[in-house]
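Chemist: Structure provided below as structure tokens; questions to follow.
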Amino acid sequence: MALKKKEFSLDAIKNKFSTKTKYKPESFYNCGEAFMNSCGLPGPVMGGVNMFLGHSNTSKTTAMILAAADAQKKGHLPVFIITEKKWSWEHAIELGLQVEKNELGEYDGMFIFNDSFDVIEQATEFINDILDSQEKGDIPYNLLFLWDSIGSVPCQMTFDGKGGGMHNAKVLADKIGMGIHSRISKSKKEEYPYYNTLVILNQPWVLLPDNPFGQPEIKAKGGEAVWLASSLVFLFGNQKKAGISHIDATKNGRKVSFAIRTKISILKNHVNGLGYKDGKIIAVPQGYITDTKESLDNYKKEYSDYWETKLGYSDYSLDESDDDIDE
């Protein structure tokens, strides 16, 4: 018996099985023109997970606060999750975060700030609680979560002395890789009323090469889950170590730390695939400036009163030490 062919329509099949989700246009938080010139992107992408990865003193916190200040300008609500216990309100204010002191003498403003976390689970539960409140209509804002830093806090089992690095990685995989990542990324959908974004500062470890001709490779603490969940990974400094050089203000033989020269590059880009690998930048107390002599001279003039207050003089020379450059 011969099979009878049915008439079919490809359009009908596509209408039955295909879905075409509409997404909001790509938008970014702005960390400044010098940041853009260094790495090719203005800052963290909205509606995604972003990682700022790098060794200590490579200006990750500077970029985080600049993103938060830009969020305030956009009318978005920054949510600070501080687990590294190195926060400075004076530094945040100098970088442009809008802060005031309330009647109790506490720092206040258009942000949520929490530094009371002992374990990873507390921080991730805090994020989920805020997202729940947003979905209930209690927080009518686009949210920018800023976690500094994820590698500085253990999971509950490790905190209790019964776990280790693999247990921390498992909790991050469950809580962020399988949970928070999905809640953040769904805000990119056109139908979702808000943008939600997560910026994670992370400490690295270095995987040594398995042969004499190989190169060391930077790895994020906490396993691969956060790396895989990230739409963008910004690398601050070099892979093997910080790779920064210090710019010092010198007067009568005395040196005072003035700024640092570092790299900011794109290590992973699942947004548009673009990004520079060799951009250098200078981090100063007020943000970033372009790595040129002209920019440094202009900065000295613009902030002469600031440095006279800090140093007691404004006529100083600039010297550079390269003791931490490895590439």
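Chemist: So how strong a dipole does the chain carry about its Cα centre when Lys and Arg Cβ are +1 and Asp and Glu Cβ are -1, to the nearest 20 debye?
Modeler: Around 1680 debye, computed over the chain.
Chemist: With a 1.4 Å probe and every protein chain left in place, work out the accessible area per residue of the stretch 186-327 in Å², rounded to a whole number.
Modeler: Accessible surface, normalised per residue, equals 53 Å².
Chemist: Within the set LYS221/LYS263; LYS263/LYS301; LYS73/LYS136; LYS240/LYS310, which residue pairs have Cα atoms separated by over 27 Å?
Modeler: LYS240/LYS310
Chemist: Let me ask something else. For the stretch 184-327, what class follows from the C-alpha gyration tensor (a ≥ b ≥ c being the square roots of its eigenvalues): rounded when a/c is under 1.5, otherwise prolate if a/b is larger than b/c, else oblate?
Modeler: It comes out oblate by the Cα gyration axes.
Chemist: ASN298: net charge of surrounding residues, Cβ under 14 Å, Lys/Arg +1, Asp/Glu -1, itself excluded?
Modeler: -2
Chemist: Calculate, in nm to one decimal, what ASP129 and ASP248 gain on full extension: separation in residues at 0.36 nm each, minus their alpha carbon distance.
Modeler: Gain on stretching ASP129 to ASP248: 38.4 nm.
Chemist: Could you sort the peptides 104-113, 46-55 by per-residue average Cβ neighbour count (10 Å cutoff), highest mean leading?
Modeler: Packing order, densest peptide first, comes out as 46-55, 104-113.
Chemist: While we're here: For the residue pair HIS270 and SER116, what label-to-label distance in nm results when each label sits 7 Å from Cα along the Cα-to-beta-carbon direction?
Modeler: That separation, rounded to one decimal, is 3.4 nm.
Chemist: Would you work out which of TYR23, ILE139, GLY253 lies farthest towards the positive end of the dipole of the chain, given +1 charges on the beta-carbon of Lys and Arg and -1 on that of Asp and Glu, about the Cα centre?
Modeler: It is TYR23, whose Cα lies furthest towards the positive end.
Chemist: Can you compute the FRET efficiency between ASP305 and LYS277 using 1/(1 + (r/R0)^6), with r the Cβ-Cβ distance and R0 = 30 Å? Round to the nearest 0.05.
Modeler: 0.20
Chemist: Take peptides 125-135, 19-29, 61-71 and line them up by average Cβ neighbours within 10 Å, highest first, as a rough protection proxy.
Modeler: 61-71, 125-135, 19-29
Chemist: How much of the accessible area of the chain, in percent, comes from carbon and sulfur atoms when a 1.4 Å probe is used?
Modeler: Heavy-atom surface of the chain belonging to carbon and sulfur, 1.4 Å probe: 50 percent.
Chemist: Let me ask something else. How big is the accessible area of THR290 in square angstrom, nearest 10, if you roll a 1.4 angstrom probe over the protein chains?
Modeler: 60 Å²
Chemist: Using only DSSP helix segments of four residues or longer, with each worth -39500 (n - 2.57), what per-residue ellipticity at 222 nm results for the chain after dividing by its residue count and rounding to 500?
Modeler: Value at 222 nm, helices only: -7500 deg cm²/dmol.
Chemist: Under a straight-distance cross-link criterion of Cα-Cα below 19 Å, which lysines are reachable from LYS14, leaving out those fewer than 8 residues away in the same chain?
Modeler: Leaving aside lysines fewer than 8 places away in the same chain, those within reach of LYS14 are LYS6, LYS22.
Chemist: Which one, THR197, GLY273, LEU97, is farthest towards the positive end of the dipole of the chain when Lys and Arg carry +1 and Asp and Glu -1 on their Cβ?
Modeler: GLY273
Chemist: What is the extension gain from GLU191 to TRP87, computed as 0.36 nm multiplied by their sequence separation minus the C-alpha to C-alpha distance, in nm to one decimal?
Modeler: Stretched fully, the GLU191-TRP87 segment lengthens by 33.8 nm.
Chemist: Related question: For the residue pair ASP315 and LYS16, what label-to-label distance in nm results when each label sits 7 Å from Cα along the Cα-to-beta-carbon direction?
Modeler: Here the answer is 8.6 nm between the modelled labels.
Chemist: Now for a different question. Quick one: dipole size for the stretch 114-217, taken about the Cα centre, charges +1 on Lys/Arg Cβ and -1 on Asp/Glu Cβ, in debye to the nearest 20.
Modeler: Using Cβ point charges on Lys, Arg, Asp and Glu, the stretch 114-217 gives about 240 debye.
Chemist: Could you calculate the contour length gain from LEU207 to PHE8, that is, 0.36 nm times the residue separation minus the distance between their Cα atoms, to one decimal place in nm?
Modeler: Extending this stretch completely gives an extra 66.1 nm.
The values are calculated or read from the model by the stated rules, or taken from the named source; none is laboratory data. This structure is a prediction, so every number in the text was calculated from the model and none was measured. We place every Cβ from the backbone using ideal geometry, glycine too, and count neighbours over all the protein chains shown. Heads up: the accessible areas ignore ligands, DNA and RNA and are worked out on the full protein's heavy atoms, side chains in. Shrake-Rupley method; radii C 1.70, N 1.55, O 1.52, S 1.80 Å.
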